[in-house]
Amino acid sequence: MATSTPYGIKLAVHLIVNDFGNIVSKVCECLLRRGTLSKALICRFTDLPQDKVKKSLWVLIQHNCVQAFALEQEGGGRDTTVVVTQYMVLFNNIIHRLRFSKFATLATNDLDKEVFEILEGLLQHGRLTLTQILDRALDSHSGGNKDTHRETFIKLVQNRFVERCPAVEPLIALPTDGETPAKKGGGRSKKSKKEVTLEERALAAAIPMDAERFSITSDDGIDSDEEKKEKLSGLKVGEKRKQRKVEWDSELDIMGGKKEPVWRVNFDEFINRLRIKACVEYARAEYDNAAAVILGSMLEGTKRTESEVSLSLDSIFEEVIKSKEGLTMNLERVRSSLEQLDFCSEVDDTYSVNLKDIIQKAQLEEVESIVKKRYGIEAFRMFRSLSNGRPLDTDKISDRTFVDKKITPQILYKLWKDNYIQMEKVTTGGPRQTDFFLWRIKKDNLWHQILDELYHAALNLSLRYVHEVDQDREILNLSAEKAPPEVVKRKERLKKVRILLDSSLMKLDDAIMLFHDFL
Ligand SMILES: *[C@@H]1O[C@H](CO)[C@@H](O)[C@H](O)[C@H]1NC(C)=O
């Protein structure tokens, strides 16, 4: 599960309060702060009655902010088990709510304007069946008939912008005998395998396999009971045999016995495409348009799970000239452009780029620009001299950055006080003891702190935005018919402020994704 930070949680709670009110957000906050829980425990911790908790969980599941799973546990007696439904919060999906407008813009740019209607419906409602999607699109009077809307929907699924919803409540069974000793068994994969959390297992079990996840064909098919059970438990056919038979009363009948599959927006795909775009923009800013075009051609179709892309010069060229901007480039131009990219390596005319490298470089630049904005150009140079992670003493920093020897410690102290750099006092031995200070950047800690600051700033902006909207509403109520000129003026000012706030928030969110979603 993705780690969140204190202000990340506050921002998530704020977003839920805004959209779903206080009770739902109370349940959500409880899960954000305490982790995965059963309904009984949520009731206990929130002091809310059962039915309110249940309704809140439904809302959160409907909007893809919570995933339920049925957890088999040892029962009281010997050889007995009980199954308890657990609820895990999906922090990332809550923060994605900030980005809905970005997602809609991206899809309309990559595909066409027609997809907006359907996408908007899914973003607003969280989960819908195809019938609901089509009805809604028809009601919106955006033009188009059922057939064109259905085609648009198919296009969205084929491009992976829309997917089938995960299983509502997959069963996570106790490991059967012979499965458990994986850890003790010889230590084969001792160091390489990261411990898989319960939440990760539940998510993996809930998400349908690719073939089903983006399949439209069996759409109105009526599944047999056996198939339905299988789907609900999220087990693949092969795995099924290994599982003991477990009966449980599902706590959630959220589908209400609906036969039709339910669809939702596939956030992964959007984040993946935004990640590629961020890399391309980084290349444009660092190098030039040609570099951006070439990198964009190389990364087209890259999946989020891949970080390294290798292509021969010829295939890169082929891709490049497909684009409008690339049409004028010749092979030599592409080669020389590739060679200047410091995140690109070459062996035998095969060029490789590592997306992780690019993201990390972009992160460092973001941090440096924050330092520059907040502490000035000299602090920026000093910070930069430390950015490779190696410690330096005060004098060396001053020498390397041409910052006055008297001012250097003051600036370093400021950076240290805000936790941007670490300090270590070193005493040299020998007859003439002297003290000096070593300074360094601890990247992991600092990046985490920066992310928290970004969440904090986003929360501030979002609160301000809500405040402005409230003011606007007040004015709207105030002026019934003909608004006096000062009211008109005030409304215009508020509109400008809102646009400004919104665009600042979107920029901030770009930085949040850079630190949280792209690696
Ligand atoms: C957020 O707002 C609070 C109160 O107005 C302020 O103290 C804080 O510095 C702001 N934080 C950020 C990161 O903008």
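Report the residue count in the stretch 305-338 for those that are free of Cβ contacts under 8 Å to residues at least 40 places away in the same chain and open to solvent by 80 Å² or more (accessible area, probe 1.4 Å). It would help to see each step written out before you state the result.
We begin by selecting, within the stretch 305-338, every residue free of Cβ contacts under 8 Å to residues at least 40 places away in the same chain; these are 305, 312-332, 335-336.
Those left that are additionally open to solvent by 80 Å² or more (accessible area, probe 1.4 Å): 305, 314, 318, 322, 324-325, 327-328, 330, 332.
Of the residues in that region, 10 qualify.
Residue under question is Q67, and the condition is that it be within 30 Å of M513 (Cα to Cα) and open to solvent by less than 70 Å² (accessible area, probe 1.4 Å); does it hold?
yes
Conditions first: (1) touching an Asp or Glu at 6+ places or on another chain (Cβ under 6 Å); (2) free of Cβ contacts under 8 Å to residues at least 60 places away in the same chain. D139 passes all but one, so which condition is the exception?
(1)
Looking only at the stretch 289-304, count how many residues are touching a residue at least 24 places away in the same chain (Cβ under 8 Å) and either of a type in the set (G, A, S) or in a helix (DSSP H, G or I) (or both).
First, pick out the residues of the stretch 289-304 that are touching a residue at least 24 places away in the same chain (Cβ under 8 Å): 289-291, 293-300, 302-304.
After this cut, where a residue has to be either of a type in the set (G, A, S) or in a helix (DSSP H, G or I) (or both) as well, the list is 289-291, 293-299.
Result for the stretch 289-304: 10.
Quick one: which residue in R97, R44 is in contact (Cβ under 8 Å) with a residue 24 or more places away in the chain, part of a helix (DSSP H, G or I) and not assigned by TED's automatic domain parsing to the domain that holds L454?
Exactly one of R97, R44 is in contact (Cβ under 8 Å) with a residue 24 or more places away in the chain, part of a helix (DSSP H, G or I) and not assigned by TED's automatic domain parsing to the domain that holds L454, namely R97.
Any chance the stretch 450-460 includes a residue that's of a type in the set (A, V, I, L, M, F, W, C) and more than 30 Å from V371 (Cα to Cα)?
Our first condition is that a residue be of a type in the set (A, V, I, L, M, F, W, C); within the stretch 450-460, this holds for 450-451, 454, 457-459.
From what's left, more than 30 Å from V371 (Cα to Cα): none.
No, the stretch 450-460 contains no residue that is of a type in the set (A, V, I, L, M, F, W, C) and more than 30 Å from V371 (Cα to Cα).
The values are calculated or read from the model by the stated rules, or taken from the named source; none is laboratory data. Nothing here was measured: the structure is a model prediction, and the numbers come from that model. Reconstructed Cβ throughout: ideal geometry from the backbone, glycine too, with neighbour counts over all protein chains shown. Just so you know, the surface numbers come from the protein's heavy atoms only, side chains and all, with ligands and any DNA or RNA stripped out. Shrake-Rupley method; radii C 1.70, N 1.55, O 1.52, S 1.80 Å.
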